[in-house]
1. Report whether or not Arg27 is at pLDDT below 85, surrounded by fewer than 14 Cβ atoms within 10 Å (Cβ to Cβ), part of a loop (DSSP other than H, G, I, E, B) and of a type outside the set (S, T, N, Q).
2. Restricting attention to region 1-19, and to residues there that are in contact with a helix residue (DSSP H, G or I) (Cβ under 9 Å, 6 or more places away or on another chain) and more than 15 Å from Ile30 (Cβ to Cβ), which single residue is most open to solvent (accessible area, probe 1.4 Å)?
3. Give the number of residues within region 30-44 that are closer than 17 Å to Ser3 by Cβ and either small (Gly, Ala, Ser) or under 15 Å from the mean Cα position of the chain (by Cα) (or both).
4. May I ask you to list pairs of residues, at least six apart or on different chains, whose Cβ atoms are under 9 Å apart, with the first in region 1-19 being under 19 Å from Gln61 (Cβ atoms) and free of Cβ contacts under 8 Å to residues at least 12 places away in the same chain and the second being open to solvent by 80 Å² or more (accessible area, probe 1.4 Å) and assigned to a loop (DSSP other than H, G, I, E, B)?
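The values are calculated or read from the model by the stated rules, or taken from the named source; none is laboratory data. In this text, all values refer to a predicted model and were calculated from it rather than measured experimentally. Here the Cβ positions follow ideal geometry from the backbone for every residue, glycine too, while neighbour counts run over all protein chains shown. Heads up: the accessible areas ignore ligands, DNA and RNA and are worked out on the full protein's heavy atoms, side chains in. Shrake-Rupley method; radii C 1.70, N 1.55, O 1.52, S 1.80 Å.
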Amino acid sequence: PGSIVDAATGEIIGNHKGLWYHTVGQRKGIGKVLYPKVTAKGPWYVVAKDPKRDLIFASNQYDEDVFTAARTDFFVEDIRWIADGPPSFLRQEQDDDGDDNEGGEPKWKEGRLDMKIRHGPSIVQGTLLLTDGLNGASGNIHLDKKDGGLAPGQFV
């Protein structure tokens with residue numbers, strides 16, 4: 001059990017019975033654990049969780065620009081490529097000095113991809129810049145449009 005905090009003001013607006021009962025992006029069911037006067041100011045969404053402090057952060061401004069970055073930019077790791085490795089269009093042919101990049105650790109450039117987030121039916125567009133020099137197993141993603149509920153541990 002712990003507190004639910006308004007992400008915009010830092011004010012405690014309710015109490016939860018366990019972090020595992022709530023996911024980032026959740027709207028349904030959160031009103032039950034908020035203080036009555038706060039519930040009327042909704043709808044409220046879970047925007048973040050802090051397991052070390054046992055806190056849930058919620059907002060009634062979820063669709064505002066305040067949370068756009070958290071829903072368009074994220075880091076991915078442990079990438080499993082269907083082919084033998086990252087697509088060739090992500091590989092930079094020359095390093096920053098203009099020299100051929102043969103034999104050394106690969107350099108990566110940003111590339112556009114169609115991606116599927118979670119198990120839903122939608123395909124989304126965005127860019128990927130790989131950050132892992134050796135095998136392209138991690139990188140930064142920027143989505144063209146914000147997603148409704150990105151949360152740690154989901155797959156892309």
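1. no
2. Quick first cut of region 1-19, residues in contact with a helix residue (DSSP H, G or I) (Cβ under 9 Å, 6 or more places away or on another chain) only: 2, 4, 6-8, 11, 13-17.
This time we only want the ones that are more than 15 Å from Ile30 (Cβ to Cβ), so: 8, 11.
Working: Ala8: 62, Glu11: 106 Å².
The extreme case among them is Glu11.
3. 1
4. Close Cβ pairs (under 9 Å, with a partner that is open to solvent by 80 Å² or more (accessible area, probe 1.4 Å) and assigned to a loop (DSSP other than H, G, I, E, B)) amount to Ile12/Tyr35.
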